[in-house]
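Only the coordinates and a few stated rules stand behind these numbers; no lab work does. Note that the structure is predicted; figures quoted are calculated from it, not measured. No Cβ is skipped: glycine too gets one built from the backbone with ideal geometry, and neighbour counts run over all protein chains shown.
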Amino acid sequence: MYCGSCARDNALAAELMSRGHDVTLIPVYTPTRTDEPNVSKPRVLFGGISVYLQQYAGVFRKTPRFLDRLWDAPGVIGAFAGRMVSNDPRLLGDLTLSMLQGESGLLKKEFEKLVEWVRAEPLPDVINLPNSLLIALAEPLKRAFGKPVLCTLQGEELFIDGLVAPYREKALESIRRQVKHVDRFIAVSEYCARYMTEYLRIPEKKISIVPLGINMKGYDRRTTPSDVFRVGYFARIAPEKGLHVLADAFVRFNKQVKASALEAAGYAAPMYGKYLEDTRKTLDGSPFRYHGVVDREGKLAFLQNLDVLCVPATYDEPKGMFLLEAMACGVPVVQPRRGAFTEIVEKTCGGVLVEPDNPSALAEVFLQLQKDSTRRATLGGNAFAKVREHYSVQRSADRLLDVYASV
């Protein structure tokens, strides 16, 4: 799985480093995975195995540091993380609350190890937490080093809302209580800023917007049109991302345009194996290919082979990195009018917005674009140009530096 948040943070860190800034990108829980050169440190804080053992076995809360280093090694964590640990929020309520309890919770030792590690590094000018689920790190870091602490907001509400009662309510209460310890929150979209102001009860003046940005290297326009009209899906295989909605729409479209195909790529967790199979059944023999997880080269080849991209998420997505990646290849997008999709499509004029959760509307737009190659080319040209104007990693880094300087 290539994590969108990891990709964003890694790309920004790499861009800042290229400008001569001194950036330390440190993974939490598990090593980061990105399809670009990874600039993170080769170690992990709050190692996933340590956190899990301390949560469920008291003896590990007192083990010496040299033993912790054995199971905090990135290689060891990586070997276990993909096979034995679920990231299903329905199963992680108690662990989530322990992290949010910070120094007063079961994971006190990990917070002590964090401060020890930062003390051994050059003193930073600013500290930027990657999401609000780690907000309990803000107070001890600020107290220990007296430096501004920022927190990025980039989609963690989906995890929080997936917690079962009473964990969801307790987690929200804990995060809201600790908002005061963060000097500035960074939202990745205008929608994200509006939503999180109310959701986490963050004062508007404490939120700055740093739009997503991607490294445009390698994103070339498609040059060899095919006789087959290819509709693409590029995201995690999960119900909330809406592959089943797209499958329904594609069946309707394929009945009218036989020379068409549905192409999908993205990580499918074992827990969603049945969901993927049920989606295949919905397609009822319509041309469909699942490419699985693709690396950067595979991603670029996949996107450049599409005529249109559609990820009809069933929730208000605050990011939409996959839209930027498709647009960077000159691929127009068809998206529900919700979340950050609306501002991305309207700002780039690189796609079409439809009513959410409406397969018929999607199918109708696919048909229109298939018939009107001129309109499709115009949308693709807009996407290619405007995504570079508004959503490059360089532009994102400029804005991020402005926010850091302001605190």
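Enter the angle in degrees (range 0 to 90, nearest 10) between the Cα long axis of helix 108-119 and the first principal axis of the Cα atoms of the chain, meaning the one along which they spread out most.
90 degrees
Mind giving me the FRET efficiency for ALA165 and GLN101? R0 is 22 Å, r the Cβ-Cβ distance, nearest 0.05 is fine.
Using R0 = 22 Å, I get an efficiency of 0.75.
Over what distance in Å are the Cα centres of the stretch 23-37 and the stretch 160-182 separated?
25 Å
How high is the relative contact order of the stretch 229-390, given as a whole-number percent (alpha carbon pairs under 8 Å, six or more residues apart)?
25 percent
For GLY351, which sequence-distant residues (separation of 5 or more, or a different chain) have an amide H within less than 5 Å of its own amide H, given hydrogens modelled in the peptide plane?
It is VAL333, by chain and number.
Given the pairs LYS217/LYS319; LYS113/LYS142; LYS147/LYS180; LYS319/LYS347; LYS217/LYS386; LYS147/LYS170, which are separated by over 22 angstrom at their Cα positions?
Check vs 22 Å cut-off fails for LYS147/LYS170.
Using Cα centres only, tell me the gap between the stretch 344-359 and the stretch 110-138 in whole Å.
39 Å
Expressed as a rounded percentage, what relative contact order does the chain have, with Cα pairs under 8 Å and six or more residues apart? Don't skip to the answer; put the middle values down first.
Numbers: 697 pairs, mean separation 55.7, N = 407.
Rounded, it is 14 percent for the chain.
For the chain, modelled as a Gaussian network with Cα springs under 10 Å, which listed residue fluctuates most, PHE341, PHE185, PHE60?
PHE60
Name every cysteine in the chain that ends up alone, with no second cysteine's Cβ under 4.7 Å, or say none.
Singleton cysteines: CYS151, CYS192, CYS310, CYS329, CYS349.
Using the number of other C-beta atoms within 10 angstrom as an exposure proxy, rank GLU343, GLU15, GLU169 with the fewest first. Write down the numbers at each step before the final one.
Details: GLU343 16, GLU15 23, GLU169 11.
In increasing order of surrounding Cβ atoms, one gets GLU169, GLU343, GLU15.
Considering only ALA259, ALA138, ALA13, give the residue with the highest GNM mean-square fluctuation for the chain, with springs between Cα atoms whenever their separation is below 10 Å.
Between ALA259, ALA138, ALA13, it is ALA259 that shows the largest mean-square fluctuation.
Between ALA259 and ARG61, what is the label-to-label distance in nm when each label sits 7 Å out along the Cα-to-Cβ direction?
Distance between label points: 6.7 nm.
Percent of Cα-Cα pairs per 5 Å bin, from 0 to the last occupied bin, for the stretch 4-209, please list those.
Distribution as computed: 1, 7, 14, 19, 22, 19, 12, 5, 1, 0 percent.
Which value in deg cm²/dmol, rounded to the nearest 500, describes the helix-derived mean residue ellipticity at 222 nm for the chain, given -39,500 (n - 2.57) per DSSP H run of n ≥ 4 and division by the residue count? Please report the intermediate quantities before stating the final value.
Details: 18 runs with 194 residues, N = 407.
My calculation for the chain gives -14500 deg cm²/dmol from helical runs alone.
Give a quick list of GluC sites (Glu not before Pro) in the stretch 93-165 that DSSP marks as loop, anything other than H, G, I, E or B, with at most 14 other Cβ atoms within 10 Å.
Those that pass, being in a loop and sparsely packed, number zero.
Using only the alpha-carbon atoms, how far is helix 273-283 inclined from the longest principal axis of the chain? Give it as 0 to 90 degrees, nearest 10.
Orientation of helix 273-283: about 10 degrees from the principal axis.
Taking springs between alpha-carbon atoms closer than 10 angstrom, which of GLY105, GLY58, GLY155 fluctuates most in the Gaussian network model of the chain?
Between GLY105, GLY58, GLY155, it is GLY58 that shows the largest mean-square fluctuation.
Below 8 Å, C-alpha to C-alpha, sequence gap of six or more: please give me the relative contact order for the stretch 50-151 in percent.
24 percent
Classify the stretch 229-390 from the C-alpha gyration tensor, please: rounded if a/c falls under 1.5, else prolate or oblate depending on whether a/b exceeds b/c. All intermediate terms of the calculation are to be shown ahead of the outcome.
Values: a/c = 1.42, a/b = 1.23, b/c = 1.16.
Rounded.
What list do you get for THR374, THR32 if you sort them by fewest beta carbons within 10 Å? Walk me through the intermediate numbers first.
Numbers: THR374 7, THR32 23.
Neighbour counts put them in this order, fewest first: THR374, THR32.
What nm distance separates the two modelled labels at MET271 and ARG176, each placed 7 Å from Cα along Cα→Cβ?
It works out to 2.6 nm between the two label points.
So how many Å³ per residue does the convex hull of the Cα atoms of the chain work out to?
133 Å³
On C-alpha positions alone, give me the angle between the axis of helix 190-199 and the longest principal axis of the chain, in degrees, nearest 10.
Here the helix axis deviates by roughly 50 degrees.
Among CYS6, CYS349, what is the fewest-to-most ranking by other Cβ atoms within 10 Å?
CYS349, CYS6
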